[in-house]
Amino acid sequence: MPNNNQAINIIIADDHPLFRLALKNSLQQSFPSCSILEAEDFSSLTHLLAQNPQADILLLDLQMPGCEGFSALVYAVAQFPQIPVMVVSAHSEPEIIRRSMDHGATGFLPKSADLAVMSEALQTVIDGGLWQPEGADSAVGASATEEAVADGLSKLTQQQFRVASMVYQGLLNKQIAAELNITEATVKAHMTEIFRKLGLNSRTQVVLAMGQLAVKPQGVEAFR
């Protein structure tokens with residue numbers, strides 16, 4: 001049962017404002033003393049995490065503008081391991097749940113879950129436990145290639161991760177530099193480190209690697 005008197009700090013990361021509002025209202029019913037911050041894309045999420053490293057839980061949608069599939073989860077777990085992450089997604093197939101847990105989520109909540117289930121799930125994770133719907137343990141999880149990509153990405157700095165995500169979106173060095181307010185030379189330096197840490201040699205390979213973390217991963221072996 002949820003502790004209604006807990007003054008917990010929650011970050012909601014979802015690009016749909018109506019869902020964020022509905023989730024916020026539900027959370028305030030179960031945890032009236034909670035404090036809620038909202039991120040609508042990967043950029044705003046990185047800022048919120050950096051500014052609130054002691055948040056009690058992150059509720060993360062898998063479809064986050066600015067990153068691909070499980071990559072935001074990999075980022076959050078690597079950069080802020082002290083914050084438990086519960087994936088909240090409309091993709092609730094057993095294999096998606098299993099892959100989420102494989103990548104470090106401490107919980108998985110389908111968007112269709114009712115208030116009672118949501119309250120139980122959040123309380124379980126906040127108390128240090130794991131929570132997922134039944135039936136996911138026997139599903140096929142992340143492939144060896146996908147885990148290798150996640151491991152490589154976890155070694156990137158926050159800025160390098162953002163650069164890699166922008167490369168995946170198809171942005172050129174000049175565009176990345178303008179977006180991050182850095183020089184093109186700095187972008188190139190980041191790319192050199194991204195190649196080294198991921199064991200890759202080209203931007204195309206980075207795109208393929210990031211694609212392995214899509215909800216429906218690209219069927220190309222980026223790591224050999």
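Just a few scattered comments:
- Inter-site label distance for A139 and K188 at 7 Å from Cα along Cβ, in nm: 4.4
- Accessible area of the chain divided out per residue, in Å², using a probe of 1.4 angstrom: 46
- Debye log10 I(q)/I(0) for region 1-148, one point scatterer per Cα, at q = 0.17 Å⁻¹: -0.92
The values are calculated or read from the model by the stated rules, or taken from the named source; none is laboratory data. From a predicted model like this one, the values you see are computed outputs, not experimental measurements. Heads up, the Cβs are rebuilt from the backbone with ideal geometry, glycines too, and the neighbour counts pull from every protein chain shown. What goes into the accessible areas is simple: the full protein's heavy atoms, side chains included, and nothing from ligands, DNA or RNA. Shrake-Rupley method; radii C 1.70, N 1.55, O 1.52, S 1.80 Å.
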